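Written out below as structure tokens is the structure these notes cover.
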Amino acid sequence: VVSLKAFSKFENTAEALEAATKLLESAPSKGLRKFLRAHCDGETLGVADSKLGNAIKEKLKIDCVHNNAVMELLRGVRTQLTELISGLGAQDLAPMSLGLSHSLSRYKLKFSADKVDTMIVQAIGLLDDLDKELNTYAMRVREWYGWHFPELTKIIQDNIMYAKAVKLMGDRANAAKLDFSEVLPEEVETELKEAAVISMGTEISDLDLMNIKDLCDQVLNLSEYRAQLYDYLKSRMNTVAPNLTALVGELVGARLIAHGGSLINLAKQPGSTVQILGAEKALFRALKTKHSTPKYGLIYHASLVGQAAPKHKGKISRSLAAKAALAIRCDALGDDQDNTMGLENRAKLEARLRALEGKELGRSAGSAKGKPKIEVYDKDRKKGAGLITPAKTYNPAADSVLSQITNTAALDEQDTVPKKKKKVEAELPQIEKAAEVPAIEAKKEKKKKKKKVDKEAGLPTNENEPESEEPTEKEKKKHQTEDVENAEVGENEKK
């Protein structure tokens, strides 16, 4: 049904890989464009990819067809490729296809020997595990050897120095005749030899000592391997993420990459996420309980945040996270392999930290601008004008006695009483007088009636009794008590 019109082979695998990747992106490669111009001018071309057909039509002005019939035809061509192309055997086609597919897969993964962040993730994980193991082993050495020489635990604090000393010394009886100058400082060595003489530890057999020394060897070997791994991690971090390393250091940078999964994944995160990376538990707990969210995660261990005062740590960690996000993107997606951007940003952050600390110092000096105004003290000089006033002398008239205090207190009370209350107080005595007048008149009428009755009955009356309007002593006392009661009522109302 079909026959071969033209065929062009690739010179090497690199050329084939380039052409295949272009086809995956629906774009014709340079070799394909050249081939089509030479053999398909004025013809209709069947294509398996409609996007590729559109690109060919735009660039080369060749009509392209994409339908089910074309797809079926291409399937048949692929099946009969060895018959259509002379000199191509089935045994050659399979390895060539396999080699090309491997190259294509590697290219699609964007595999690069320089950007191997997987190695960093594994190295930092192993470093953390080594630290845990070292700590466990060292504590075991202390506990085990502590039965024989318990005082040594307090004398030597460092785990590695402790293991070296135990390995060299063995039985504590040997301490007096040994030289520890290569392992310990002079003052610690003297203290150790003094303690070995008066130690309260139990005796220990040679077999036990041999096992303890083997454990010390394990601790020392692990510490050496950890140092080598740390050097490896430093070199990888400076190669893969130089800008991030310049900003936050090798360990913090490696932990951020490990937490993000890879450098590319970390580059997709905003600065706010980089800031709290590693504090997810605290973040979700804060959101659930409606408390304040954490200010920093893994970035807290960076040297810049460590330098800052506690009140500035939040601000510096936010600024550092923003700059670190830029540095990560530059490392992951940029072409430059130097750390100039990271060093510049670090200098800016250090300047900001100094500015923050300087601002706080200025405020505490008593001026908003940070420069306190210093004036020469002169007690007799007035502000503004240059007049000199005499110093104040003691005023004996200001001394107060009890009566003056009470009078002034009463006056103050009167001043503080509101106008409405004053008005009410002024009206009170008038009401009382109005109430007293009818009572006095009623008493007078009673007396007149009594006299009249006495006259009719023929009883003697006291003619000399004054009929004046003045009340008797009893009535006066009664009025006084009423006045006092009314005054008390008035005072209560006032209160």
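If a residue has to be in a helix (DSSP H, G or I) and without any contact (Cβ under 8 Å) to a residue 60 or more places away in the chain to count, how many in the range 137-159 make the cut?
Residues meeting the conditions: 8.
Considering only the range 42-136, give the helices (runs of 4 or more DSSP H) lying wholly within it that have at least 2 residues that are in contact (Cβ under 8 Å) with a residue 60 or more places away in the chain, more than 30 Å from Ala332 (Cβ to Cβ) and not polar (S, T, N, Q). Outline the logic, then answer.
On the way: elements: 50-60, 68-79, 81-84, 90-108.
The qualifying helices (runs of 4 or more DSSP H) are 68-79.
For Lys315, indicate whether it is modelled with pLDDT of 90 or more and within 13 Å of the chain's Cα centre (by Cα). Judged against the criteria, Lys315 is a match. Just a yes or no: is a residue in the range 6-22 in a loop (DSSP other than H, G, I, E, B) and surrounded by 12 or more Cβ atoms within 10 Å (Cβ to Cβ)? Yes, that holds for at least one residue. Meeting the requirement of 1 or more residues that are of a type in the set (Ser, Thr, Tyr) and either touching a Cys at 6+ places or on another chain (Cβ under 8 Å) or not assigned by the TED database to the domain that holds Ala254 (or both), no helices (runs of 4 or more DSSP H) wholly within the range 264-351 can be named. Within the range 24-60, the set of residues being under 60 Å from the mean Cα position of the chain (by Cα) and open to solvent by 80 Å² or more (accessible area, probe 1.4 Å) comprises Leu24, Glu25, Lys30, Lys34, Lys51, Asn54, Lys57, Glu58, Lys59.
Got at least one residue in the range 65-82 being modelled with pLDDT of 85 or more, open to solvent by 70 Å² or more (accessible area, probe 1.4 Å), farther than 29 Å from Gly99 by Cβ and hydroxyl-bearing (Ser, Thr, Tyr)? Checking the range 65-82: not a single residue is modelled with pLDDT of 85 or more, open to solvent by 70 Å² or more (accessible area, probe 1.4 Å), farther than 29 Å from Gly99 by Cβ and hydroxyl-bearing (Ser, Thr, Tyr).
The values are calculated or read from the model by the stated rules, or taken from the named source; none is laboratory data. Small disclaimer: the values here were computed from a predicted structure and weren't measured. Because the Cβ atoms are built from the backbone with ideal geometry, glycine has one as well, and the counts that use them run over all protein chains shown. We work out accessible area using only protein heavy atoms, side chains counted, and drop any ligands, DNA or RNA first. Shrake-Rupley method; radii C 1.70, N 1.55, O 1.52, S 1.80 Å.
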